[in-house]
1. Name the single residue, out of those in region A:712-727 being away from every other protein chain (no Cβ under 13 Å) and surrounded by 24 or more Cβ atoms within 10 Å (Cβ to Cβ), that is nearest to A:Glu374 (Cα to Cα).
2. May I ask you to verify whether B:Gly152 is touching a His at 6+ places or on another chain (Cβ under 9 Å), on the phi > 0 side of the Ramachandran plot and away from ligand 1 (no atom under 14 Å from the Cβ)?
3. Please pick out the residue among A:Asp683, A:Asp730, A:Asp734 that is within 13 Å of another protein chain (Cβ to nearest Cβ), of a type outside the set (Lys, Arg) and part of a loop (DSSP other than H, G, I, E, B).
4. Need at least 2 residues that are touching a residue at least 12 places away in the same chain (Cβ under 8 Å), of a type in the set (A, V, I, L, M, F, W, C) and closer than 25 Å to A:Glu430 by Cβ per element, so show me which strands (runs of 3 or more DSSP E) inside region A:562-618 make the cut, counting only ones lying wholly within it.
5. Got a number for residues in region B:283-316 being in a helix (DSSP H, G or I), among the aliphatic types (A, V, I, L, M) and away from chain A (no Cβ under 12 Å)?
6. Among the listed residues A:Gly301, A:Gly247, A:Gly243, A:Gly267, which satisfies the condition of being on the phi > 0 side of the Ramachandran plot and under 23 Å from the mean Cα position of the chain (by Cα)?
7. Restricting attention to region A:639-648, does a residue exist that is over 22 Å from the mean Cα position of the chain (by Cα) and either more than 14 Å from every other protein chain (Cβ to nearest Cβ) or modelled with pLDDT of 95 or more (or both)?
Amino acid sequence: MKFDTPATTNPIDRLKVVGQPLDRIDGPLKTTGTAPYAYERHDVVADPAYGHVVGAAIAKGRIQRMDLAAARHAPGVLAIVTAANAGTLDKGSFNTARLLGGPDIEHYHQAVALVVAESFEQARAAAELVRIDYAPEPGSFNLRAAAGSATLPHENDITGPAETHVGDFTEAFARAPVTLDETYTTPDHSHAMMEPHATLAQWDGDRLTVWTSNQMIAWANADLAKTLGLPKEKVRVVSPFIGGGFGGKLFLRADVLLAALGARAAGRPVKVALQRPLIANNTTHRPATIQRIRLGAERDGTITAIAHESLSGDLKGGGPETAVNQTRLLYAGRNRMTAMRLAVLDLPEGNAMRAPGEAPGMMALEIAMDEMAEKLGLDPVEFRIRNDTQVDPENPQRPFSSRPFIECLRLGAERFGWSARSPRPGQRREGQWLIGMAMAAAFRNNLLMKSGARVRLDKAGRVTVETDMTDIGTGSYTIIAQTAAETMGVPMEQVVVRLGDSEFPVSAGSGGQFGANNATSGVYAACVKLREEVARRLGFNSREAEFSDGEVRVGNRTIALGAAAAEGEIVAEDFIEYGDLDKTHQQSTFGAHFVEVAVDRATGEARIRRMLAVCAAGRILNPKSARSQVIGAMTMGAGAALMEELAVDTRRGFFVNHDLAGYEVPVHADVPHQEVIFLDETDPFSSPMKAKGVGELGICGVGAAVANAIYSATGVRIRDYPITLDKYLDRLPDVA
Amino acid sequence: MRSFSYERAASPAQAAEAAIHNPGAKFIAGGTNLLDLMKLQIEAPPHLIDVNGLGLDEITPTEDGGLRVGALVSNTRLAADMRIRCDYALLARALLSGASGQLRNKATTAGNLLQRTRCPYFYDTAQPCNKRQPGSGCSAIGGVSRQLGVIGTSEACIATHPSDMAVALRVLDAEVETVRADGTCRRIAMADFHLLPGDTPHIETMLEPGELITAVVLPHPVGGRHIYRKVRDRASYAFALVSIGAIVQPDGSGRVAVGGVAHKPWRVEAAESELPRGAQSVCERLLAGARPTRDNAFKITLVERTLRAVLNEARG
Ligand SMILES: Cc1cc2nc3c(=O)[nH]c(=O)nc-3n(C[C@H](O)[C@H](O)[C@H](O)COP(=O)(O)OP(=O)(O)OC[C@H]3O[C@@H](n4cnc5c(N)ncnc54)[C@H](O)[C@@H]3O)c2cc1C
Ligand code: SF4
């Protein structure tokens, strides 16, 4: 199905199932511990061997000597895989560093060996016996120090242009009566998902199957085949359940490759879970940024000049954190410029983490907006409203497909009790607490990706959906079932959803908040095809046939849906693909975050009291799972604001706090009260579902809202995340 | 984790004896710290002696009006004991600010005292660390040290002792009761129990090889207001940046110890005479000679501000 004109009325609009706040259909499997996660696939392989990964102990240099003798002779050891004995390996097209390092080491904890043994404990014990002599080399580990050597990043579809210019920023900024010029920093972040990267691999001759935990089945399939030098058809990737990803599992990672190599070397199935202390340095992370923002405005608050420059670092050949993305689109302003610079760092590989670009970009831009509103003497909500734009400000001939940004701001202000806020900081006090209230905009683009699905109808009227779409805890199973149930006119119980298998049609996968809208659209397309075949078999005109209540109806003739499959299962397969509606129209999602914090006067501890997000993201397919996505994202944003930071040892070149004791993420006590409101909206430009992404919108802007609230509470402005008490303690009012 | 042998001790004295006969052996209580360290091969005992089930899990009154807390009493039970809550509220509060409910169910009194540092480099076996591998160097000096010690540190180690409970026990003037391999018992004052790192940061307490903790003895209650204030980046389930344990009497006199700043709960009795004069006076003596790093210099300010709030609370 090609989607190249805005959607009109279609079966989804019935909203009998889609749009309902249904419980997730995979819930019972999870609450009973029976959902088959990769490391626990006892159902498919009875007696796997265990692999334990050895990570490089230096950030950069070479392995001089590797002594495997002791490890090889340790009890239970079956095989040891190293770059020296693994045969020729290519590199995945989504990987910057090689997944099996040696003799050259590209980053700390780059995998250099896999020890395979009969038991997990034996593999772990033997792994400690691998002796490696390194010849370390100096590397570049400090983003600030590397700033001078940063260059324009290579442009591609993902990064977009490295620079943009509209009008004459320099001149307009020089002339503006009110200006702001500040620098903001965000640290490296770890995805810190609960389930570590894990894979069970089995060879059958030259065919390889991996049961793994991956967000993008087709990418993993292609990159695993490429790395091993196999045709894609020989590799099967299965990933039906994923215990969190946040972008950390978008790509083929070391667990998959090493499990495959280990299984080949040991001659039997092998499973590998990355040890928790390896994850921060072995896998990818959200890169740190240094961002400079300049704003110039008329006294009435009209922005006349806006510039956003961002510096980030990555391994050679890597890409930038696209933190200027939103600034190209969010606010009006005739003179504008954005620029990205990329420095070479020898830290682990930087890559996508939940809302790459916008998440750290909004953390900076939305503090700047708060600061500017104050300079202008304007209410921060009003300042944003004044600079709304209904067209792409860099290409004014491109309207937004839908942009109820002002509605989000107004509704949020009303619901949160914004009018009670004091515009002057440091005014409200409750006992030991300084209370602050603030807000920030939310913004994240909506991405369109081709997505396929297969649907089967059996004679009992049961509909089975198969697509390689993944459910990373988001609710994909449920919204896909809702889509099929709505389109085929059957109750939810009659739908079976099978996900995450490279034998199923290629979908959009889970990432960039593009999964829900695109994957359900692909399922819709396949269901429309199935409806046509059903109608044909029943002798109906498919355009007149009405599918509901498990039946097909034309006029007063009604036949059970399953009757169409009386002679055998009907199978339909299709995909959604897109015309140029995302070129003619800018498609984005919008929102507003409101936060109230309390800061302890004495210790400076900042605690969030309540949060509200108002989101406009097209049709909300399932308000319950969407809400869960948004509150999860708000929680992650709170973490980014208050505590999350991979601490870099700039001498040794690695992230030091590489476990969940050292890398703190919020606990329940950090997010006591969260509320989410969705605007009742549809976006006919996005897809037949009229939905857009929402899972990342929720994180964009949260950090800044918290930062602004701490300012509102204390009068101290912090521009370096995370906003920990050590950064402002000495500027708090004295304790009496 | 290396393979190890395991035995259940028959009595406290037998446990101590078994330990001395198995070089490198370790006692295991709740296992919440030891097992984590064994999995990372930071500890690699060839032999484990399980000291559960020896009747060391009781809280009994002492003759001089105090309490004897068995070494194996869980943190949860200790914090919930009515006598502790009434007369040693500081201890209950310190315990409840630590770890999580699940961990406190397993964690024991002795194990808590002997938990090891949370210095991140200590946990990374690829990095030099004098505490883990004597003589290899200290990665934290000049490295990431925001969480680490500011006082009583040495050129060899700047780690802190992470226990909340120990801070309370130090304020309460508790004693650690032990049995040695030769069957003799002794009591060690909390003031002496933990050592400063000096040039042997791997030696953390007064305990001799094989010496088993049998109990912690609390002296007669001292009354006063008991306040434990733990400052941390997240609201729960985090180690202290700094913590303050204080007992303040109606006349303004009292006791105070600080956690998160040193290799042991940090208390300077001489500084306590300054309590009526306020936090700044106390801190001048309490933290005299502090040598913070650039990353953790804020702890000096933080201790003083927190102490001021604690003293306000005690007055209010
Ligand atoms: C995630 C996490 C968070 C935590 N947060 C906090 C916190 O916020 N605050 C805090 O204070 N603590 C915290 N802890 C630490 C926790 O309090 C300790 O792990 C626990 O108290 C150790 O007790 P255990 O009985 O499990 O000791 P074990 O692990 O069994 O033993 C610890 C050590 O004590 C020795 N030992 C045990 N019993 C005896 C004995 N009777 N005589 C001699 N030696 C003995 C063992 O040989 C071992 O060396 C945390 C721990 C974890 C894992
Ligand atoms: S501070 Fe102590 S524990 Fe930390 S690295 Fe140095 S020696 Fe090791």
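1. A:Ser712
2. yes
3. A:Asp734
4. It comes to A:588-600, A:606-616.
5. Adding up the residues that qualify gives 2.
6. The unique qualifying residue is A:Gly247.
7. Looking for residues that are over 22 Å from the mean Cα position of the chain (by Cα) and either more than 14 Å from every other protein chain (Cβ to nearest Cβ) or modelled with pLDDT of 95 or more (or both), one finds at least one in region A:639-648, hence yes.
A quick yes/no check of all residues on (1) in contact with a helix residue (DSSP H, G or I) (Cβ under 9 Å, 6 or more places away or on another chain); (2) away from chain A (no Cβ under 14 Å):
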site	(1), (2)
B:Thr178	yes, yes
B:Phe193	yes, yes
B:Pro201	no, yes
B:Val217	no, yes
B:Arg229	yes, no
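The values are calculated or read from the model by the stated rules, or taken from the named source; none is laboratory data. What you see is a predicted model; the values in this text were computed from it and never measured. A quick note on method: Cβ atoms are made from the backbone with ideal geometry, for glycine too, and the neighbour counts reach across all protein chains shown.
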